[in-house]
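Below you'll find the structure, written out as structure tokens, and then a few comments.
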There are 2 protein chains.
Amino acid sequence: MNLKQLSELLGLSQTTVSRALNGYPEVNEATRERVLQAVKETGYRPNKAAQRLATGKAGSIGLVMPTAPGHQSDVHFGEFLAGLGEEAVRHDFHFVIMPADPDDEVAALRRLAISGNVDALFVAYMRGHDPRLPMLKSLSMPYVVHGRSFGAEPDYPYLDIDNEGAFYDATRLLLQLGHTRFALMNGPTHLDFAIRRRNGVISALAERGLTLEEDCVSHALMTDEQGLLAMERFLQLPQRPTAILCSSTVMALGAIRAVNQAGLRLGEDISLIAHDDVLPLLKPESFSVPLTTTRSSLRAAGARIAQRLIGTVKQAGPFPEQELWKTELIVRASTGPAPQSHEA
Amino acid sequence: MNLKQLSELLGLSQTTVSRALNGYPEVNEATRERVLQAVKETGYRPNKAAQRLATGKAGSIGLVMPTAPGHQSDVHFGEFLAGLGEEAVRHDFHFVIMPADPDDEVAALRRLAISGNVDALFVAYMRGHDPRLPMLKSLSMPYVVHGRSFGAEPDYPYLDIDNEGAFYDATRLLLQLGHTRFALMNGPTHLDFAIRRRNGVISALAERGLTLEEDCVSHALMTDEQGLLAMERFLQLPQRPTAILCSSTVMALGAIRAVNQAGLRLGEDISLIAHDDVLPLLKPESFSVPLTTTRSSLRAAGARIAQRLIGTVKQAGPFPEQELWKTELIVRASTGPAPQSHEA
DNA sequence: AATGGCATCCAAAGCGCTTTCAAATATGTA
DNA sequence: TACATATTTGAAAGCGCTTTGGATGCCATT
């Protein structure tokens, strides 16, 4: 069933039917009713490709999913997508996901943009000096970046959380509790949030004249396993750190196992603060020692970005170009005063 | 830059350029070279919407993502998507994801299909007597189902793992180890895999004249938290089970915490076998007590489904309509002989 | 020189929709 | 009644591509 058939069935022109469906005012209410009724009966749906071709709008937002054989998928990706989806479903938008090799992201993004399949782009996993930024700017298609690109002029539309502030605050809390030996379990080096979190820690420490030793920093994929490995390494250090900052609750999972295996008590021998993206599968409050966290909902960020993107496409009023969300610092049982005992 | 401009630039007709690009034989090799060169220089990309309209093929596979405010996102979804993506990227296919309220899935799927935006559909989270199946059959669009629908005639294209066999085998192993009191931590009741896994357990038990008590079964979302709760319940039972079957390693995580908190030892007081979807973030072999699992890679399943779907769209040879993958039973330290001591 | 075959190329139609411009009808005003 | 003005509808062009059904020119054959 297409427009032509539908209009013939109704004895109307395609024009009128199209107008009736798209809410134009110049069509008689009675006719509109008739059309709507017929749509219901026949189950007619406009062909999106044709609409896209005719209007230039497709009701879809595009994103590139980094993937390759052997490339680790990321819990955070799914959670973020859920947020985007939650908002998109309200506006009858959908996503076009282009899977791409992580090395090919710039090109993939460009292909997606000029394919004519999407109205707007969403970009994540930002890096320092991210090469996608100049490309996006040259594209004349709306986009919003999740995160920021360290080192680049912040003149692009983004939504980010205050990673530096979060880890600064967390570090300060641990300092106030008397800790002096810190370690950081971070995400992959090149990612923007990792850079900022690290800076947050460093600057809080600097205020007390402390530094973050190289061997007290780990950069790795944010998995359970890597958390275990990193923590094991920290615990074997001659000057074992007592305060750990961790970029993900998933990673914290493994880290805590390492603590337990070493016979140490979380919140007493070792204090740990992790960043919590509010993943439904992992609630820091129900850890056996509830986790102190810096919190910010990834899903909410996804929903907000979708809102901005869709709003822009629909020309629904101006949106702030840059948003920086504060995180919450939630104190639970995994942090406590620095142990006094076997000091060096 | 569109076809018309490109062809004018080359002094050729749109026809010829189009043919050159799509590998038709009736174009002079020299001309083809010239066209390809021009494409490289201008960065021309065909408009996908127009291609779609003209050919009826869009190079995309559609799927519905269940989502709603408050709806829990699912790690497994992301992992599966990664598998689909891994294969799709090879063929320059992309996904169109339509987010939809879980209550609206049938309608959403239909909308997606007749939107003319996709060439094939992928469907997951199958339930018993799934209402989407009759709809899909009436659609004349290729599709592949991940999982099966219990109770429905198995005459639709699917890829499933042998859930019943997996849990049957796992249960048998525990029986052989002398266990007699079993519990099952399963996914949501209505889902097909949950039904089959349960059946697997029941039939293995039946062979020894045992039954699975109602209070030894939990159906819940497969999260860490639910795992904890379910296990706590099991441990308070007067006849505490010693053998636990668990539908997910994520859930096992919480379950194990409950075991530890109760002061019990995994692999000695309590034996546990979990199903492992091979999530990169959670490796059963690196649990503090390595987990015995039934294993089948979700990601591999995604890739295979993408392969079948894309192959069908491209008319590349016949694919098996139904595939049932065996799972592996991998014995690690979380299973051991049934404790002899305080028997009832 | 006339014919047929082959290799290349092109004009134009068509995919299903939106939208411009114009026509037809209905309504109001003098 | 005659005219201007809304209101409602339609014909047709166009979005950017593919593809059908010729053209055109060139060569080998008769």
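Read-outs throughout are calculated quantities, based only on the coordinates presented, and are distinct from any laboratory measurement. No experiment lies behind these values; they were computed from the predicted model shown. Cβ atoms come from the backbone with ideal geometry, glycine included; neighbour counts cover every protein chain shown.
Miscellaneous remarks
- Pair B:His190, A:Ser140: separation of 7 Å Cα→Cβ label points (nm): 4.8
- Segment B:163-297, dipole about Cα centre (Lys/Arg Cβ +1, Asp/Glu Cβ -1), debye to the nearest 20: 160
- All-pairs Cα distance distribution in segment A:85-242, expressed in whole percent, bin size 5 Å: 2, 8, 14, 16, 16, 13, 10, 8, 7, 4, 1, 0
- Residue of chain B whose Cβ sits closest to the axis mapping B onto A, with distance in whole Å: B:Gly78, 1
- Rounded Å value of the spacing that divides the Cα centres of segment A:14-91 and segment B:97-117: 10
- Exposure rule at most 16 other beta-carbon atoms within 10 Å, DSSP loop GluC sites (Glu not before Pro): chain B longest free segment: B:27-212
- Span-rule helices in chain B, defined as complete DSSP H runs reaching 15 Å or more along the axis (Cα) with Kyte mean at least 0.5: B:249-261, B:298-313
- Ascending list, in nanometres, of distances separating the B:Arg265 label from those of the other copies (7 Å, Cα toward Cβ): 2.2
- Placing a label point 7 Å from Cα along the Cα-to-Cβ axis, A:Ser203 is separated from the same position in the other copies by 6.3 nm, shortest listed first.
- Each copy carries a label point for A:Val331 at 7 Å from Cα along the beta-carbon vector; from one copy to the others these points are 5.1 nm apart, nearest first.
- Residues B:Arg208 and A:Arg45, FRET efficiency given R0 of 60 Å [Cβ-Cβ distance, rounded to 0.05]: 0.65
- The orientation-averaged projected area of the convex hull spanned by the Cα atoms of segment B:204-344 comes to 10.7 nm².
- Listed by chain and number, the lysines whose alpha-carbon sits under 24 Å from that of B:Lys326, ignoring those within fewer than 8 places in the same chain, are B:Lys283.
- Relative contact order of segment A:3-46, defined on C-alpha pairs under 8 angstrom at six or more residues apart (%): 35
- Per-residue [θ]222 nm for chain B (sum of -39500 (n - 2.57) over DSSP H runs n ≥ 4, rounded to 500): -12500 deg cm²/dmol
- Here the label points at B:Tyr24 and A:Glu323, each 7 Å from Cα along the C-beta direction, are separated by 4.9 nm in the simple model.
- Convex hull of segment A:1-158 built on C-alpha atoms - directionally averaged projected area, nm²: 11.9
- Largest-first principal axis extents, alpha carbons of segment B:1-53, Å: 29, 22, 17
- Rg over Rh for the protein assembly as shown works out to 1.01, both radii taken from alpha-carbon positions and Rh defined as the Kirkwood radius.
- In this simple spin-label approximation, B:Asn260 and A:Ala107 carry label points 7 Å from Cα along the Cα→Cβ vector, and these lie 4.6 nm apart.
- Taking every DSSP bridge with both residues inside the protein assembly as shown, close to 15 percent are antiparallel.
- Ordered from longest to shortest, the equivalent ellipsoid semi-axes for chain B are 50, 19, 17 Å, each the square root of 5 times a Cα gyration tensor eigenvalue.
- Charge dipole of segment A:190-262 about the Cα centre (unit charges at C-beta), most positive-ward option of A:Ala204, A:Val259, A:Pro241: A:Ala204
- For chain B, modelled as a GNM whose springs connect Cα atoms under 10 angstrom apart, the maximal fluctuation among B:Gly317, B:Gly128, B:Gly267 occurs at B:Gly317.
- Using C-alpha pairs below 8 Å separated by at least 6 residues, the relative contact order for chain B is 17 percent.
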